[in-house]
1. Is it true that some residue in region B:34-54 is more than 27 Å from A:LYS264 (Cβ to Cβ) and touching a helix residue (DSSP H, G or I) at 6+ places or on another chain (Cβ under 6 Å)?
2. How many of the residues making up region A:32-66 are at negative phi, touching a Phe, Trp or Tyr at 6+ places or on another chain (Cβ under 8 Å), in a strand (DSSP E or B) and touching a residue at least 24 places away in the same chain (Cβ under 8 Å)?
3. Being of a type outside the set (D, E, K, R) and within 14 Å of chain B (Cβ to nearest Cβ) is the filter here, so list the residues in region A:239-263 that pass it.
4. For region B:1-18, name all the residues that are under 15 Å from B:ILE50 (Cα atoms), within 14 Å of chain A (Cβ to nearest Cβ) and exposed (fewer than 15 other Cβ atoms within 10 Å of the Cβ).
5. Looking at the structure I just gave you, is A:LEU6 modelled with pLDDT of 90 or more and in a strand (DSSP E or B)?
6. Kindly indicate the residue of region B:38-58 that is of a type in the set (S, T, N, Q) and within 15 Å of the chain's Cα centre (by Cα) and also farthest from the other protein chains (Cβ to nearest Cβ) among those meeting that condition.
7. Condition first: surrounded by 17 or more Cβ atoms within 10 Å (Cβ to Cβ), in contact with a Gly (Cβ under 6 Å, 6 or more places away or on another chain) and of a type in the set (A, V, I, L, M). Can you find one or more residues in region A:143-154 that meet it?
8. Any residue at all in region B:5-16 that's assigned to a loop (DSSP other than H, G, I, E, B) and aromatic (Phe, Trp, Tyr)?
Amino acid sequence: MIECKLKKELSAAEGKMMLAVDFRLQKGDFVVLYGNSGAGKTSILRMLSGLLTPENGFIKQESNIWFDAEKKIDLPIQKREIGLVFQDYALFPNMSVEENIYFSLPKKKDKKTAEELIELMELGNLRKQKIQQLSGGQQQRVALARALARKPKLLLLDEPLSALDHSMRTKLQDYILKLHKTYNLTTILVSHDPAEIIKMADKVLVLENGKITSTGTPISIFSESKLSGKFQFTGEVLAKIDEEVVSILHILIGNNVIKSVSAKDEIAHIQKGDKVLVASKAFNPIVTKIE
Amino acid sequence: MNNLPGKIKHIKNSEYLSEVSIEMENNSIFNVFLVETPKTASYLKPGRKINLLFKETEVIISKNLTPEISIHNQLKAEIIEIKPGKILSEIVLKSAVGEIKSLLSSTVLQQMNFAESQEVLILVKANEIMLSE
């Protein structure tokens, strides 16, 4: 569990702003920080990682204190068990893929972790290539592998996919989810893309002017007030079957599997494993009493 | 899903239900029933831009351009493509407010003798349309 209470005055574009947040994340949570530019999202990530010192408050990971203003504890970045990935990949351009990953290992002999990450991120064929020869998506895969080489407890992702095109984003989202699940990480992602957030996150913290103004599931944050359909559920696509002009989705909602028919082109981008919103009008369902 | 832009023109409501009139880009009016009222949904305001969403399976096509029928929302359109299937077929239509698709029975498609560039009337029931901001 990560528990934190952070307070710091920041200089934003419109003058000074007081950042004051208080939140608690469970192990395995995938949380998105959502808000306008200058709301304080990146500052929160920087405080969690030790790159920016809060004026007040504390950061606790289980029983480990990373920061405590009163007790004057402030662990340096390398002692906090975190992985960081930014929009720019910040890799060593002259090193190869594997050199970049091996360079981050806490102990040089921890080869097993590095090899596991190379396999998970499907970097085997690229391992000898220099970073500068790779595409943006490939570089970001290396950056993710490198961030996890130190076996962090907390993964911090600051708009890591915003420089990539749509199809590359989708692939990288899958890689991030795979890492998150494989290592049972606590992950905090800064993202502006509701579709990405609905697909990836369990929980959203909405940030405005340095304060958390609402929290909830992605669907409750993005859909309820924005779509008038009264029948709204989130589910996971178990199967997609194409039949001529339509596709049939089998969707797991809670413990029930439902089926939905859509025009094939409309749901061409939806695949097995995707999280989806299922919505219908309140006028459509038939309700019968169960004896 | 069909997605057409419009602007809320007028809202008539009872305690729990509303009938929202939406002005489309060609000035035609679409009506939508909601289990919401301006009190419960902040977006229900005259002048507000809104998108109308409805499934392809809810789009009815009539060859008679002036039918006497109880479906409120009616719009002239031209068939631009027909994609026949065994059970269901898809018809792509061009209207003054945008492209609309309809999924219908392949048997009906044959019986009706629909053809590309034919002018038809599209009908959508008010209770089948969702609104999205």
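1. Taking every residue of region B:34-54 in turn, none turns out to be more than 27 Å from A:LYS264 (Cβ to Cβ) and touching a helix residue (DSSP H, G or I) at 6+ places or on another chain (Cβ under 6 Å).
2. 3
3. First pass over region A:239-263, keeping only residues of a type outside the set (D, E, K, R): A:239, A:241, A:245-258, A:260-263.
Within region A:239-263, A:ILE241, A:VAL245, A:VAL246, A:SER247, A:ILE248, A:LEU249, A:SER260, A:VAL261, A:SER262, A:ALA263 meet the criteria.
4. If we filter region B:1-18 for residues that are under 15 Å from B:ILE50 (Cα atoms), which is where we start, we get B:2-11.
The next check asks that each one be within 14 Å of chain A (Cβ to nearest Cβ); those that pass are B:2-3, B:6, B:8, B:11.
Scanning region B:1-18 gives a single hit, B:ASN3.
5. On the way: modelled with pLDDT of 90 or more: yes; in a strand (DSSP E or B): yes.
In short, yes.
6. Of region B:38-58, the ones of a type in the set (S, T, N, Q) are B:40, B:42, B:51, B:57.
Okay, now just the ones that are also within 15 Å of the chain's Cα centre (by Cα), so B:51, B:57.
Working: B:ASN51: 10, B:THR57: 7 Å.
Among residues in region B:38-58 that are of a type in the set (S, T, N, Q) and within 15 Å of the chain's Cα centre (by Cα), the one farthest from the other protein chains (Cβ to nearest Cβ) is B:ASN51.
7. Yes, some residue in region A:143-154 is surrounded by 17 or more Cβ atoms within 10 Å (Cβ to Cβ), in contact with a Gly (Cβ under 6 Å, 6 or more places away or on another chain) and of a type in the set (A, V, I, L, M).
8. Within region B:5-16, the subset assigned to a loop (DSSP other than H, G, I, E, B) is B:14-16.
When the remaining residues are screened for being aromatic (Phe, Trp, Tyr), the result is B:16.
Yes, the conditions are met somewhere in region B:5-16.
The values are calculated or read from the model by the stated rules, or taken from the named source; none is laboratory data. Predicted model, so just to flag it, every value in this text is computed and none were measured. In this analysis, Cβ positions are derived from the backbone assuming ideal geometry, glycine residues included, and neighbour counts consider all displayed protein chains.
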